[in-house]
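Peer 1: Sharing a structure below in structure tokens format, with a few things to ask.
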Amino acid sequence: MSQRTAVAAVRRVEQARSRENFPVALRVLPGRYRRHLLAVYAYARQVDDLGDEPLPGPADRLAALDDIEAELRSLYADRAVTHPVVRALAPTVAECRLPLDALVRLIEANRVDQRVTRYATFDELVEYCTLSANPVGELVLHVFGQVGWDRVALSDRVCTALQLVEHLQDVAEDHQRGRIYLPAEDMDRFDVTEADLARPTASRQLRELIEFEAERARAWLDAGAPLVAALHGWARLAVSGYLAGGRATLDALAMAGHDPLPATVRPRGRRVLHRWLAATVRSAG
């Protein structure tokens with residue numbers, strides 16, 4: 001398979017995933033960045049899909065995750081690989097010097113999903129985000145060639161926040177899959193039970209809990225926002241877009257009365273654009 005063919009396949013994956021709130025490949029970016037980001041995004045989506053495959057049981061999903069890790073390690077060892085998404089990632093690994101550890105952590109996050117379905121505390125949930133979300137931000141910084149420990153630390157804040165926001169959007173869907181990403185300590189504090197997550201609309205207690213978690217996610221997003229000013233060029237524009245998506249989604253959640261149960265809450269394009277322009281202008285000032 002040629003790189004052009006592989007990237008075309010990756011682009012179809014992205015189009016099929018158009019429901020995502022924080023698309024990695026922003027259309028305004030030059031082609032060289034889009035190609036690399038599409039490859040990273042498709043890899044992350046593929047790993048997530050393997051972790052959620054409707055297979056007979058967790059053991060089968062774990063085997064599938066083991067297989068893609070083996071393919072990934074073969075790539076880094078200069079051995080032949082057959083998986084189209086891993087093959088599409090190869091030029092990006094070489095040109096952007098992607099760290100193997102970040103890619104493997106995304107696989108480990110999905111292994112965790114096979115054995116952990118509840119989180120007792122917020123700290124436990126944040127620790128999970130170090131596997132499921134933060135590696136993506138690190139990979140994005142490598143694509144733009146603007147990696148540094150201070151930037152990675154800020155990126156981790158942004159990525160954790162975006163993961164928290166996504167969890168809030170997907171409360172009903174996650175519950176149907178047998179997973180809950182609302183900390184048990186917070187559910188107890190707001191007198192929310194698992195049965196409340198299966199209702200067609202959110203109870204007053206659940207709305208209050210979602211609002212509490214949303215403000216916590218917003219605080220993490222704000223804490224990572226200085227990353228935009230620490231970047232330059234296309235990287236600054238891209239990261240400000242991610243921040244805009246997160247803030248616009250939190251706005252949409254508030255407008256929905258902090259009720260994510262009837263349907264997945266998504267921001268309008270105009271709201272995202274407004275937030276994007278605000279983030280970009282603020283960082284330039």
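The values are calculated or read from the model by the stated rules, or taken from the named source; none is laboratory data. What you are looking at is a predicted structure, and each value in this text was computed from that prediction instead of being measured. Reconstructed Cβ throughout: ideal geometry from the backbone, glycine too, with neighbour counts over all protein chains shown. Remember, those area values only see protein heavy atoms, side chains included, never the ligands or the DNA or RNA. Shrake-Rupley method; radii C 1.70, N 1.55, O 1.52, S 1.80 Å.
Peer 1: Every residue in the range 88-111 that is assigned to a helix (DSSP H, G or I) and basic (K, R), please.
Peer 2: R105, R111
Peer 1: Can you tell me which residue in the range 112-125 is surrounded by the fewest Cβ atoms within 10 Å (Cβ to Cβ), limited to those that are in contact with a helix residue (DSSP H, G or I) (Cβ under 6 Å, 6 or more places away or on another chain) and assigned to a helix (DSSP H, G or I)?
Peer 2: Across the range 112-125, the extreme among qualifying residues is Q114.
Peer 1: Moving on. Test G51 against the stated conditions and say whether it is over 24 Å from the mean Cα position of the chain (by Cα), modelled with pLDDT under 95 and open to solvent by less than 20 Å² (accessible area, probe 1.4 Å).
Peer 2: Criteria not met by G51.
Peer 1: Which residue, of V165, V228, V152, is open to solvent by less than 50 Å² (accessible area, probe 1.4 Å) and over 25 Å from E124 (Cβ atoms)?
Peer 2: V228
Peer 1: For the range 140-149, which positions are assigned to a helix (DSSP H, G or I), open to solvent by less than 20 Å² (accessible area, probe 1.4 Å) and out of contact with any Phe, Trp or Tyr (no Cβ under 9 Å at 6 or more places or on another chain)?
Peer 2: L141 - this is the single residue of the range 140-149 that is assigned to a helix (DSSP H, G or I), open to solvent by less than 20 Å² (accessible area, probe 1.4 Å) and out of contact with any Phe, Trp or Tyr (no Cβ under 9 Å at 6 or more places or on another chain).
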